[in-house]
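Quick notes on the structure that follows.
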Amino acid sequence: MTEIVLEATDLVHHLGQGAGRVQALKGVSLALKGGELVLLMGPSGSGKTTLLSILGCLMTPDAGTVKVGGQAVAALDAEALAKLRRERIGFIFQSYHLFPTLNAEDNVRLALDVRGERARAAKLAAREVLATVGLGHKRKSLPRELSGGEQQRVAIARAIVGKAQVILADEPTGALDTANGQAVMALLADIAKDPARAVLVVTHDPRILPFASRVIHIEDGRIVSEESGGESMKKVSNA
Amino acid sequence: MSLQFRLASRNLFHDRLRFIATIIGIIFSIVLVTVQMGLYVGFRLMVTTMIDHAPAELWIMPVGTKCFEDPSLLDERQRFRALAVPGVAEATPLVIGYAQWRLPQGTTTPVFVVGSELRGLGLHPWNVVEGRLDDLSVPGAVAIDQTYFERLGITGVEQAAELRDRKVQVMAVTKGIRSFTTTPYVFTDVERARSFTGIAPNKASYLLVKLAPGADLWTVQQAVRANLADVEVLTAAEFASRSRSFWLFGTGAGAALFAGALLGLIVGTVIVAQTLYSSTKDHINEFATLRAIGSTSRYIYTVIIWQALLSAIVGFAGAAAIGKIVAAATAESALPVIMTPLLTVALFVLTLTMCIGSAIAAIVKVMRIDPTLVFSR
Ligand SMILES: Nc1ncnc2c1ncn2[C@@H]1O[C@H](COP(=O)(O)OP(=O)(O)O)[C@@H](O)[C@H]1O
Ligand SMILES: [Mg+2]
């Protein structure tokens, strides 16, 4: 039986102030198990990014609990949350957020450097992971010398090099063409095959459905439905 | 090479214009501080030149004398009372004062006369490059420094001029005896000095005291004090220190130099703080990413501090080079900018401190960083 690596219960969260204040999450619960690739789908403004920020311990919810690897995060201060992130969570962003002045290898190594890992070991690990994402030959390239798809693969390498249990991706294919999007998703699906690791991908790209083990639909701050990847596919093709 | 250092240096060199602005700011600031502090060091040395070159171990002076140039007088007969004190080997009068020097072509200029006994204990000119010290015993003989040739209308030894309507003849020329007041020194015999300055024959500015071999400075100082009325008795070091405090702090010259240095520091801090802050703002997405992937705050501060330190090192190198040039250019002037190794080290530490202090604004900026920034485009 695979373990629950991330669990959220009854998350409520507000954003903005005064008249602009909105309830972005209105009681969201979900659990991610090792070995899963879960898609989070929903219209723009439905609260996907907010949910991801809270699950990734970048933000503390107004109400509700988050447990990472069984540990409740509510009581943790900013530094303890940072520690949790660097040890257990990997992020992938739509706009990659690579460091423009560092080459691919150093960008990946950064995830280990912030954990205080020795440079030599970190370099070897970074090279190995870059090879896994198919960029072994581009490790000395700067981000601007790489295509969008390649940059996103470097970002994926950075997210997984530290053996994070939870990979959170916010529209990772949003800026990519179909071929590159497919390649990135295939890579994420591959990563999720590791039974110790769960991948949650926010997207509104239906081409990703074949890769999903589960699809969660969110609308207006609430989870409205959930189904297996196969069911979702059928719905899309029937439509 | 650590990744933090690499990030810092790339952040810094990435924006060349800003980097150049930072370095120019640091150089400007530190050169200003260097010049002010170098002047301070130079001034400190200059104001005690005469005391440092006098062979006296004790100085007897009128009560309340503030510095070497102080015009107050004491009774020369005190000399015999001083000589009666056990441990005093010699006590000789020194006369100082301003006088009008009349150039051969008729115009006049003020000079500062220093007269002492030519044989025995006296404040004699040093660094004689023309003529001989012994020739000062010739009637009307004086020694001047070659720096002031033009001002005094002299081009070499054996030339004549007038001091207070008395004919004088330059019999010795020195090199490098300059006054920070820019009034030329004229060395001569004590009697002649009195006549040039109008000081009465039984008066003197100081009594220079030399101790007998083996005598204890402090003991003799106390004994002379006890035996003489209406005078102060200071060791050479005490007198130098009193002179320095007067010129540096009594006149406000020192305070002005420090104020200039402080101004330089403030300007430098503002410039470096401003450029570091704007660089941090430009890279805020990267810092947010660092924070999102779980770096400690310290990790991020280290990157910023490295940026500050790197700027400091490059800026200091530039400032030190310019400082050296200024020191060389002013070495022969009345008020040289003097760079001692200690001052150089102190300036380097100051530069580092200034740059790290400047990083505070940038650090406060990243302290408030919101890691969810990474989700916005
Ligand atoms: N900083 C903010 N201040 C106020 N409202 C915000 C802010 N960020 C997002 N929102 C609002 O919160 C809701 C959820 O936003 P978000 O989680 O970004 O949605 P999604 O990622 O699904 O598009 C939206 O209605 C959005 O307009
Ligand atoms: Mg979003």
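Checked against the criterion of being of a type in the set (A, V, I, L, M, F, W, C) and within 13 Å of ligand 2 (Cβ to nearest atom), the candidates A:L30, A:L39, A:L51, A:L6 yield just one match: A:L51. Considering every residue within the range A:125-132, establish whether at least one is within 16 Å of ligand 1 (Cβ to nearest atom) and either within 16 Å of the chain's Cα centre (by Cα) or more than 14 Å from every other protein chain (Cβ to nearest Cβ) (or both). Scanning the range A:125-132 turns up no residue that is within 16 Å of ligand 1 (Cβ to nearest atom) and either within 16 Å of the chain's Cα centre (by Cα) or more than 14 Å from every other protein chain (Cβ to nearest Cβ) (or both).
Against the condition more than 14 Å from every other protein chain (Cβ to nearest Cβ), farther than 20 Å from A:L130 by Cβ and within 16 Å of ligand 2 (Cβ to nearest atom), how does A:D205 come out, does it pass? Judged against the criteria, A:D205 is a match.
Filtered by the rule that a residue be at the interface with another protein chain (Cβ under 8 Å from one of its Cβ atoms), crowded, with 22+ Cβ neighbours inside 10 Å and under 16 Å from the mean Cα position of the chain (by Cα), the range A:95-105 gives a lone residue, A:H97.
Counting residues in the range B:69-82 that are hydrophobic (A, V, I, L, M, F, W, C) and in a helix (DSSP H, G or I) gives one or more. Looking only at residues in the range A:133-151 that are assigned to a helix (DSSP H, G or I) and within 14 Å of chain B (Cβ to nearest Cβ), the one that is most open to solvent (accessible area, probe 1.4 Å) is A:R144. Pull up the range B:1-28, narrow it to residues that are among the hydroxyl-bearing types (S, T, Y) and part of a helix (DSSP H, G or I), then point me to the one that is farthest from the other protein chains (Cβ to nearest Cβ). Filtering the range B:1-28 for residues that are among the hydroxyl-bearing types (S, T, Y) and part of a helix (DSSP H, G or I), the one farthest from the other protein chains (Cβ to nearest Cβ) comes out as B:T22. Please indicate, with yes or no, whether at least one residue in the range A:181-191 is over 28 Å from A:K48 (Cβ atoms), open to solvent by 20 Å² or more (accessible area, probe 1.4 Å) and more than 16 Å from ligand 2 (Cβ to nearest atom). Within the range A:181-191, not a single residue is over 28 Å from A:K48 (Cβ atoms), open to solvent by 20 Å² or more (accessible area, probe 1.4 Å) and more than 16 Å from ligand 2 (Cβ to nearest atom).
Candidates are the residues of the range A:48-69 that are more than 13 Å from A:A169 (Cβ to Cβ), within 13 Å of chain B (Cβ to nearest Cβ) and among the β-branched types (V, I, T); the one that is farthest from ligand 1 (Cβ to nearest atom) is A:V68. Checking each residue in the range B:355-377 for being of a type in the set (A, V, I, L, M, F, W, C) and within 16 Å of ligand 2 (Cβ to nearest atom) picks out B:L373, B:V374, B:F375.
Let's see how each residue does on (1) open to solvent by 10 Å² or more (accessible area, probe 1.4 Å); (2) within 28 Å of B:P336 (Cβ to Cβ):
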| residue | (1), (2) |
| --- | --- |
| B:D145 | no, yes |
| B:E150 | yes, yes |
| B:K167 | yes, no |
| B:V173 | no, yes |
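Here B:Y299 fits the description: within 14 Å of chain A (Cβ to nearest Cβ), assigned to a helix (DSSP H, G or I) and either open to solvent by 30 Å² or more (accessible area, probe 1.4 Å) or modelled with pLDDT of 90 or more (or both). Of all positions in the range B:90-103, none carries a residue that is more than 14 Å from chain A (Cβ to nearest Cβ), outside any strand (DSSP E or B) and open to solvent by 40 Å² or more (accessible area, probe 1.4 Å).
Which of the residues spanning the range A:19-42 are outside any loop (DSSP other than H, G, I, E, B) and within 10 Å of ligand 1 (Cβ to nearest atom)? Once the filter is applied, which keeps residues that are outside any loop (DSSP other than H, G, I, E, B) and within 10 Å of ligand 1 (Cβ to nearest atom), the range A:19-42 yields A:G20, A:V22, A:Q23, A:A24, A:L25, A:L40, A:M41.
Checking B:L335, B:L373, B:L350, B:L342 one by one, the residue that is in contact with a Leu (Cβ under 8 Å, 6 or more places away or on another chain), open to solvent by 40 Å² or more (accessible area, probe 1.4 Å) and part of a helix (DSSP H, G or I) is B:L350 and no other. Using the structure shown, decide if B:A273 is among the aliphatic types (A, V, I, L, M), open to solvent by 10 Å² or more (accessible area, probe 1.4 Å), more than 14 Å from chain A (Cβ to nearest Cβ) and out of contact with any helix residue (DSSP H, G or I) (no Cβ under 7 Å at 6 or more places or on another chain). Taking the combined requirement at face value, the residue does not satisfy it. A:S95 satisfies every condition listed in (1) part of a loop (DSSP other than H, G, I, E, B); (2) closer than 19 Å to A:Q152 by Cα; (3) away from ligand 1 (no atom under 16 Å from the Cβ) except (3). Please determine, by comparing only the residues of the range B:180-194 that are among the polar types (S, T, N, Q) and surrounded by fewer than 20 Cβ atoms within 10 Å (Cβ to Cβ), which one is farthest from B:L335 (Cα to Cα). Among those residues, the one meeting the criterion is B:T183.
Within the range B:1-11, the residues that satisfy the criterion of being at pLDDT 90 or above and either open to solvent by 10 Å² or more (accessible area, probe 1.4 Å) or acidic (D, E) (or both) are B:Q4, B:F5, B:R6, B:S9, B:R10.
All conditions but one from (1) in a strand (DSSP E or B); (2) within 16 Å of ligand 1 (Cβ to nearest atom); (3) at positive phi apply to A:G45; the one that does not is (1). If only residues of the range A:77-88 that are surrounded by 17 or more Cβ atoms within 10 Å (Cβ to Cβ) and more than 8 Å from chain B (Cβ to nearest Cβ) are counted, the one that is farthest from A:L11 (Cα to Cα) is A:R88. Identify, please: which residue in the range A:9-22 is more than 12 Å from A:V66 (Cβ to Cβ) and within 16 Å of ligand 2 (Cβ to nearest atom) and is, among those, most open to solvent (accessible area, probe 1.4 Å)? Among those that are more than 12 Å from A:V66 (Cβ to Cβ) and within 16 Å of ligand 2 (Cβ to nearest atom), it is A:V22.
Being within 16 Å of ligand 1 (Cβ to nearest atom), in contact (Cβ under 8 Å) with a residue 60 or more places away in the chain and either open to solvent by 50 Å² or more (accessible area, probe 1.4 Å) or closer than 30 Å to A:P172 by Cα (or both), is that true of even one residue in the range B:358-370? Looking for residues that are within 16 Å of ligand 1 (Cβ to nearest atom), in contact (Cβ under 8 Å) with a residue 60 or more places away in the chain and either open to solvent by 50 Å² or more (accessible area, probe 1.4 Å) or closer than 30 Å to A:P172 by Cα (or both), one finds at least one in the range B:358-370, hence yes.
The values are calculated or read from the model by the stated rules, or taken from the named source; none is laboratory data. Bear in mind the structure is a predicted one, so any value in this text is a computation, not a measurement. Reconstructed Cβ throughout: ideal geometry from the backbone, glycine too, with neighbour counts over all protein chains shown. Side chains included, ligands, DNA and RNA excluded: accessible areas come from the protein's heavy atoms. Shrake-Rupley method; radii C 1.70, N 1.55, O 1.52, S 1.80 Å.
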